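Read through the structure below, which is laid out as C-alpha cells, and then see the notes.
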Amino acid sequence: MLGAYSCLLFILGASAANDNITPSQSIRDGETLVSVNGTFELGFFSPGTSAKRYLGIWYKRVSPRTVAWVANRETPLTDQSGLLNVTSKGIVLLDGRDRIFWSSNTSITMKNPVVQLMDSGNLVLTDGNYNSLLWQSFDHPCDTLLPGMKLGRNFKTGMDRHLSSWKSINDPAPGEFSLWIDTHGFPQLVLRKGSVLQYRAGSWNGLGFTGTPPLKENVPLCDYKFVINENEVYYECDAKGPAVSRLWVNQSGLVLRSIWSSQQDVWFLAYYAPLDRCDLYSVCGANARCTTNSSRRCDCLEGFVPKSPNNWSEGCVRERELKCRNGDEFPKYVKLKLPDTSSSWFNASMNLKECSELCSKNCSCTAYANSDVERGGSGCLLWFGDLMDMKEYNDGGQDLYIRIASERGRSVTKKQVGIIIASVLLMAMFIVASLFCIWRKKLKKQGLTKMSHMKEDMELWEFDFASIAKATDNFASYNKLGEGGFGPVYKGTLVEGQEIAVKRLSKGSGQGMEEFKNEVTLIARLQHRNLVKLLGCCIQADESMLIYEYMPNKSLDFFIFDQARATFLDWQKRIHIVGGIARGILYLHQDSRMRIIHRDLKASNVLLDNDMNPKISDFGMARIFGGDEIQTNTHKVVGTYGYMSPEYAAEGLFSVKSDVFSFGVLVLEIVSGKKNWRFSHPDHDHNLLGHVRVENNT
C-alpha cells in the first residue's frame, strides 16, 4: 500500500513538472504546469487573505508570489475542486460539479489540441496536427504587460488589448483603472479611471512616449517597439538580456515598471506614473503648460492669457486673434510633453519643413511637430483647436511649434504714442498715491483681519468665508486632499498665489468646537520648523475652518505604506524624517513655552513639505501640562488605537511618555513600511509591535 502511494506521488510530481497538457490529462487544484526553463508556473491560488480560488500564472522563482495573469478574474471558485481540462473546443475550467467557470471560448474544433505554458508567461492553445496558434493568454491581459505581449488594437479583428488593475489585493477582478492605446487621431497611451482620462503617457516619438520618464540607459530591459499600420497599432517590449521586468497597473492607479533582483529577492521600481501633479490630465487647462520647477505650476503659452486668473482648470485663451498665413508666427517650445493627440492629424513620410508649410497654409492648424524624433526627426503631427495636457521637462520631452498672432507690421501713430505716454504718467501718479494704503488693500483682497480676541504674539489671521470659498473653488472635489475625524481638508490658492490647506469642521464630526479652539490656541503659539504652521482660521455662521501652510508631499503614510512610493524614501531620507519628528516632539515636551502632549502622533499626522521635511500636525487632541506636572489622567480617551501607550488606552493616564510610545511605533512603521495595527504574520496574531518583541526575545 505504501509503495502504491509513493508511486502515485511520483506520478503527480512528474505531471507537475510538465509544461503542457492534452485531452487525456488535466490540472487539479494543487497541481501545476511549469514552463520548460522554470520561469513561469500555472496553477490554482488564493490572493491575499481571500479563500476564493483562481487559475493563474505567476513567476516560478519570485517570492512572495507575483501573479501575472488570471483566467477566471470575475468567476472565482469557492472551494478547491477546480479542474483545468483541454477539449476539442478549447480550454475549460470546471468545478467539482462540472460547472464551467471559465473557457477559452474557441470556435474551431481541434483534432489534437495541446495547451502549453511558454517561458514568456504565455499560455497557448495549438492544434498538434497543424501546429497553429488558436488561442493565447497574451491576447487577454489582466493587470500586467509581460515582454512579448502586445498592448493595442487590431483593426481587422476588433481585439483591443489593454491592462486593468485588480479591485484589491484580495480580488483580481477588473478594478477602476485601465491602461489603453487610444487610437483616435495619432495613437497615444492613456490611463483611465472608469471612463475618465486620468493620465496621458503621450504619443510615441520613436524613442518613447512623450509623457513618460525615460529609463536609465544602464538597465537593459527591453527593445521597445511601437507599430502603426492599416491592420493594427500596438506597443510591445521585447525582452533584452536576462533582466525580469513587468509593466503593470496597481489598485491606486499607478503605472509601474518593476525589475526583479534575484540577488536581493525583491522587485525594484524603474519608474512609475503619474509621477506628480503635472501628470494629472489637463491640470492647467487648455493652452497652458505645467511645470514642477515653479511655484506657479501653470503658465500660459506665449500669446495666451488666463481665462480665469483664479481657476487654472479653465485654461488660457488667445491674447490676440490669429491673422492666418503671413500674419502669424510659430515660436518653438522645447522639452515639452506633446499635447493631447486624440484630435490631431499625422503623416509619417513628411519632413519638418513640409509640416511647417502645411500648418501655415491651414488657418485652423494651431501647432505642429515631428511625429518621430529619431535620426534628426521625421514625420508630421498637426493640431487643430485648443492644446491640452502639456508638461515641461528638465530632460526629455520634444520640440513643439505653436501658432500665435505676429507682432510684425504693426504701425503706431502719433496719437497712439501720446495715449501711451499719458497712460504711463497717469499710472505712475496712481502708484505713488496708492503706496500709503497698499497693505490695507492686500489684506482686503485676501479677506484677512487681525484677530482682536487673540494675543498679539500669536500672529494669527482671521479669513472671511468668501475668500476661502474662492481659494478652494467653492470646496471643489478636485481640491479635496483627504478627510479625518475633524472633517475634510481642501487645497486652496489665495489671491496673491499662496497655496494653503483648509481644514473644514464637519457638522457630523466626532470632534467639535472644543477641539477647534484647542488647536487654534495651541498651535498659533508654537513656532518650530518641524511643526505645521497655522496661518489663521475662519469662524462665520455655522462654518469653522483652520487655514494651514500647504504641504505638497501630503502625509507620511502616503509614502511609507505604498509599495511604489516607498521606493523614493531611501534610508537617508527615512533617518532625516525620524530625526525631524524627534526634534518636533522635543520642542513640544521641553523647549516650547508650554509643555504640550500631542496625544495623537501617527503617520497621517506627519506632513511632508517640498523637501520632504516632516512637520507634526493636528493638535486638536493636544493638552498643556503645567511646569511641575508629570502625569495626569482623563475620562475621555482620544487618539488612534495602535499608537496609544498601554496606560493611556487602559486607564486614561497620559504624560510625555505617551507621545514617546507613539513615536516608537511610528519609527517601527517607517523602518518596516508596515502598519502596526494591520500587520499580520503566519506564525502568530501579534501586531507589528508585538512581532518586534517576539523577534527580539527569540
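Of everything in segment 645-664 that's crowded, with 21+ Cβ neighbours inside 10 Å and under 17 Å from residue 617 (Cα atoms), which residue is modelled with the lowest pLDDT? Here the residue is 658. The single condition from (1) buried (at least 16 other Cβ atoms within 10 Å of the Cβ); (2) over 30 Å from residue 335 (Cβ atoms) that residue 186 fails is (2). Please determine whether any residue of segment 193-200 is hydrophobic (A, V, I, L, M, F, W, C), touching a residue at least 24 places away in the same chain (Cβ under 8 Å) and within 16 Å of residue 56 (Cα to Cα). Scanning segment 193-200 turns up no residue that is hydrophobic (A, V, I, L, M, F, W, C), touching a residue at least 24 places away in the same chain (Cβ under 8 Å) and within 16 Å of residue 56 (Cα to Cα).
Test residue 532 against the criterion of being crowded, with 17+ Cβ neighbours inside 10 Å, modelled with pLDDT under 85 and outside the structural domain of residue 613 (by TED's automatic domain parsing), and give yes or no. Full working, then the answer.
On the way: crowded, with 17+ Cβ neighbours inside 10 Å: yes; modelled with pLDDT under 85: no; outside the structural domain of residue 613 (by TED's automatic domain parsing): yes.
For residue 532, the condition - crowded, with 17+ Cβ neighbours inside 10 Å, modelled with pLDDT under 85 and outside the structural domain of residue 613 (by TED's automatic domain parsing) - is not met.
At pLDDT 90 or above, buried (at least 17 other Cβ atoms within 10 Å of the Cβ) and basic (Lys, Arg), is that true of residue 337? Answer is yes for this residue.
Those strands (runs of 3 or more DSSP E) of segment 324-393 in which at least 2 residues are out of contact with any Pro (no Cβ under 7 Å at 6 or more places or on another chain) and closer than 20 Å to residue 187 by Cβ, considering only elements entirely within it, cover 345-347, 365-369, 380-384.
Go through segment 257-282 and report how many residues are of a type in the set (A, V, I, L, M) and crowded, with 19+ Cβ neighbours inside 10 Å.
So the first thing to find is which residues in segment 257-282 are of a type in the set (A, V, I, L, M), and the list is 259, 266, 269-270, 273, 275, 280.
Next, only the ones that are crowded, with 19+ Cβ neighbours inside 10 Å stay: 273.
Final tally of qualifying residues: 1.
Could you tell me whether any residue of segment 270-280 is hydrophobic (A, V, I, L, M, F, W, C) and part of a loop (DSSP other than H, G, I, E, B)? Yes, segment 270-280 contains a residue that is hydrophobic (A, V, I, L, M, F, W, C) and part of a loop (DSSP other than H, G, I, E, B). Considering the conditions (1) touching a Pro at 6+ places or on another chain (Cβ under 8 Å); (2) in a loop (DSSP other than H, G, I, E, B), residue 85 is excluded by exactly one of them, (2).
Filtering segment 16-42 to residues that are surrounded by fewer than 19 Cβ atoms within 10 Å (Cβ to Cβ), closer than 25 Å to residue 242 by Cβ and charged (D, E, K, R) leaves only 19. I'm told residue 223 meets every condition in (1) of a type outside the set (S, T, N, Q); (2) in a strand (DSSP E or B); (3) under 19 Å from the mean Cα position of the chain (by Cα) except one. Can you identify the failing condition by its number? Just one mismatch for residue 223, condition (3). Of the strands (runs of 3 or more DSSP E) lying entirely inside segment 117-212, the ones with 2 or more residues being more than 21 Å from the chain's Cα centre (by Cα) are found at 123-127, 132-136, 150-154. Residues in segment 102-114 that are modelled with pLDDT under 95 and among the hydrophobic types (A, V, I, L, M, F, W, C): 108, 110, 114.
The values are calculated or read from the model by the stated rules, or taken from the named source; none is laboratory data. Note that the coordinates shown come from a computational prediction; the quantities given were computed from them, not determined experimentally. Cβ sites come from the backbone with ideal geometry, for glycine too, and all protein chains shown count toward neighbours.
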